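The values are calculated or read from the model by the stated rules, or taken from the named source; none is laboratory data. The structure presented is a predicted model; accordingly, all values stated were derived computationally and were not measured. We place every Cβ from the backbone using ideal geometry, glycine too, and count neighbours over all the protein chains shown.
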């Protein structure tokens with residue numbers, strides 16, 4: 001009844017311009033059974049129609065005020081205890097309900113990740129913030145059950161269970177038979193999910209006590225068996241999809257009347273009276289009392305203030321405490337911990353120390369950081385026994401065990417979902433995406449889910465991670481565009497996402513330490529873009545010169561955002577990153593030796609947020625600025641942002657850019673026609689200085 005009264009209030013407040021959300025839970029209130037049966041230590045990732053579940057769950061917490069909290073959220077009030085006025089969400093730190101804005105069940109992969117990580121955290125010696133027999137609940141609609149992300153989550157749970165992992169997740173499909181205006185075929189959910197291996201299916205329908213028993217059985221089975229359970233909850237949708245939905249435009253009046261007759265509140269009232277569990281007067285008193293409390297709270301909630309400034313709105317989006325991160329990144333590592341990981345052969349202390357490639361530096365930095373932080377888990381496709389396609393994770397599983405370094409199924413949505421869930425229960429995930437092109441299959445897990453969690457929870461929930469992505473082109477066209485993706489535009493537009501792109505091995509080690517510190521200390525989501533073509537590059541100018549090999553910087557040295565690399569000096573400043581740095585240094589030598597032009601080359605290192613202060617400083621010292629951007633010209637990289645910033649901050653010199661063509665990267669030799677080359681850089685500098 002509380003859930004229903006809040007739905008009514010949302011629409012009434014909307015007519016007065018005080019409410020901004022009218023998708024209701026009307027007809028879905030039987031999910032309150034699940035809210036009553038689950039414990040508040042069972043994390044819940046909730047569908048937007050799970051109002052009854054949320055109200056029932058809140059009853060288990062003596063100090064909870066779910067009516068007022070929901071109304072504050074509906075009114076986008078700054079006093080909303082979960083989002084702080086940023087969105088209408090079901091969420092509560094005390095009730096272990098991380099807020100979801102998912103409309104397409106995109107929260108299922110991270111719910112599976114949380115269920116998987118519950119046991120994994122204990123196996124690696126991390127004290128999870130939940131009891132050992134906790135389970136995870138994820139609710140969603142029958143229409144969303146068809147979405148690729150939902151199917152991915154369910155498949156991942158079955159796959160993990162098949163491989164012997166504990167995945168105690170309760171999938172709750174709230175089936176009302178319609179998605180906005182499109183009907184779900186009869187028996188579709190049962191036929192699609194009722195007979196899948198490694199997924200136990202329960203269907204809750206009928207009278208109140210029948211549904212209660214079925215839900216209790218599903219929860220008990222999940223808790224005892226530690227495996228995935230699919231609970232098919234029969235519901236009815238009342239009042240249309242949302243307040244703006246004119247249901248008569250696509251449903252005949254007899255259909256709507258039929259749905260109204262199936263109203264669960266009426267059905268429950270009738271059953272309570274039939275069984276003698278309640279008298280009509282008792283139920284009328286409940287209705288009257290709830291409506292009175294909701295009405296009174298509505299007046300107060302509608303008069304509360306909203307967020308007013310950009311600073312207020314974005315405050316929880318990208319927290320960053322530089323001194324704290326520096327202290328963590330540069331902290332000493334116990335010699336005993338390093339010896340356990342390395343034996344006696346520390347990479348910087350060999351009798352004949354050898355300089356290393358970028359791949360070796362990243363591997364060494366991961367080794368040291370895993371020795372430092374037992375909460376780090378490394379996972380992805382082929383990262384375990386094989387050590388990654390480019391052997392960057394070689395030997396890590398042998399050193400730290402299969403509980404901390406493990407292979408996943410070949411699906412990027414699952415990998416990023418596991419990362420989010422693992423982070424929520426206290427681990428520090430370092431997932432690997434095998435190629436930059438592959439992340440586009442799952443980018444919403446970063447955009448819509450991971451990077452938005454702190455924002456929509458007002459900083460109360462975070463999912464820190466460092467996503468390692470083998471990136472960029474310059475592999476002589478190997479594998480075509482699937483292995484030579486040169487567009488980061490789809491990542492740069494994600495608010496709050498940190499993007500790091502090392503250009504040389506020693507920088508990669510120091511930047512990785514900084515990234516892990518930002519994740520651990522500030523809860524940040526980081527993409528660490530590793531240039532594939534530089535993994536095993538040894539030379540800078542001529543074959544055999546060893547100019548791109550560097551000594552390993554031992555723990556105690558790190559790089560953080562805004563710290564750039566500077567090479568040389570001159571009237572021309574080139575800004576670049578990743579492969580572009582090496583190309584620019586080669587071009588700079590040609591410019592000096594053959595044309596007498598001295599050039600400063602600045603390695604940006606950090607692509608989001610850009611190191612704007614450093615850009616301004618080095619640009620204003622130069623008569624000309626060239627941005628060498630190996631990504632595609634139209635929105636693929638950072639050139640447009642750098643040039644726009646300099647133009648807006650009053651730079652008076654010449655501005656030019658060298659960018660890759662707006663083309664997919666072809667296979668083989670035609671690659672040279674698409675990507676940036678040294679001659680392009682030389683020509684552009686000469687034109688800018690003529």
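Annotations
- Residues of region 515-534 classified as surrounded by fewer than 22 Cβ atoms within 10 Å (Cβ to Cβ) and over 30 Å from residue 459 (Cβ atoms), total: 1
- Verdict on residue 632 being in contact (Cβ under 8 Å) with a residue 24 or more places away in the chain, within 21 Å of residue 491 (Cα to Cα) and buried (at least 16 other Cβ atoms within 10 Å of the Cβ): yes
- Subset tally (residues that are surrounded by fewer than 16 Cβ atoms within 10 Å (Cβ to Cβ) and in contact (Cβ under 8 Å) with a residue 40 or more places away in the chain) for region 167-183: 2
- Of the listed requirements (1) under 26 Å from residue 299 (Cα atoms); (2) out of contact with any strand residue (DSSP E or B) (no Cβ under 8 Å at 6 or more places or on another chain); (3) at pLDDT 95 or above, residue 91 misses just one: (2).
- Among all residues of region 103-119, there is at least one that is without any contact (Cβ under 8 Å) to a residue 60 or more places away in the chain, under 23 Å from residue 214 (Cβ atoms) and buried (at least 24 other Cβ atoms within 10 Å of the Cβ).
- Search result, residues across region 331-361 that are in a helix (DSSP H, G or I) and touching a residue at least 24 places away in the same chain (Cβ under 8 Å): 337, 338, 340, 341, 342, 358, 359, 360, 361
- All positions within region 643-684 that are in a helix (DSSP H, G or I) and in contact with a helix residue (DSSP H, G or I) (Cβ under 6 Å, 6 or more places away or on another chain): 645, 646, 678, 681, 682
- Test: residue 258 is surrounded by fewer than 15 Cβ atoms within 10 Å (Cβ to Cβ) and part of a loop (DSSP other than H, G, I, E, B): no
- Residues that are touching a helix residue (DSSP H, G or I) at 6+ places or on another chain (Cβ under 6 Å), closer than 23 Å to residue 681 by Cβ and in a strand (DSSP E or B) occur at least once in region 525-539.
- Residues satisfying the stated conditions in region 407-431, i.e. closer than 18 Å to residue 498 by Cβ and either in contact with a helix residue (DSSP H, G or I) (Cβ under 6 Å, 6 or more places away or on another chain) or surrounded by fewer than 24 Cβ atoms within 10 Å (Cβ to Cβ) (or both): 416, 420, 428, 429, 431
- When each of 276, 227, 243 is tested for being in contact with a helix residue (DSSP H, G or I) (Cβ under 8 Å, 6 or more places away or on another chain), in a loop (DSSP other than H, G, I, E, B), more than 28 Å from residue 151 (Cα to Cα) and in the same structural domain as residue 37 (by TED's automatic domain parsing), the lone residue that passes is 243.
- Single residue of region 177-224 satisfying the filter (under 28 Å from residue 23 (Cβ atoms) and assigned to a strand (DSSP E or B)) that is nearest to the chain's Cα centre (by Cα): 179
- Looking at region 1-67, the helices (runs of 4 or more DSSP H) lying wholly inside it that each contain 3 or more residues that are out of contact with any strand residue (DSSP E or B) (no Cβ under 6 Å at 6 or more places or on another chain), surrounded by fewer than 24 Cβ atoms within 10 Å (Cβ to Cβ) and touching a residue at least 40 places away in the same chain (Cβ under 8 Å) sit at 2-15.
- Subset of region 167-176 (residues that are more than 26 Å from the chain's Cα centre (by Cα) and part of a strand (DSSP E or B)): 175
- The set of residues from region 125-166 being free of Cβ contacts under 8 Å to residues at least 60 places away in the same chain and in a loop (DSSP other than H, G, I, E, B) comprises 132, 142, 143, 147, 163, 164, 165.
- Candidates 309, 248 - the one that is assigned by TED's automatic domain parsing to the domain that holds residue 49 and without any contact (Cβ under 8 Å) to a residue 24 or more places away in the chain: 248
- Filter pass, residue 328 being in a helix (DSSP H, G or I) and surrounded by 16 or more Cβ atoms within 10 Å (Cβ to Cβ): yes
- Any chance residue 546 is touching a strand residue (DSSP E or B) at 6+ places or on another chain (Cβ under 6 Å), assigned to a loop (DSSP other than H, G, I, E, B) and farther than 21 Å from residue 393 by Cβ: no
- Residue selected from region 568-584 under the condition in contact with a strand residue (DSSP E or B) (Cβ under 6 Å, 6 or more places away or on another chain) and part of a helix (DSSP H, G or I), by the criterion farthest from residue 501 (Cα to Cα): 584
- Test: residue in region 663-679 that is more than 34 Å from the chain's Cα centre (by Cα), over 17 Å from residue 472 (Cα atoms), assigned by TED's automatic domain parsing to the domain that holds residue 587 and crowded, with 17+ Cβ neighbours inside 10 Å: no
- Among the residues listed as 234, 162, 158, 186, the single one being at pLDDT 95 or above and exposed (fewer than 15 other Cβ atoms within 10 Å of the Cβ): 162
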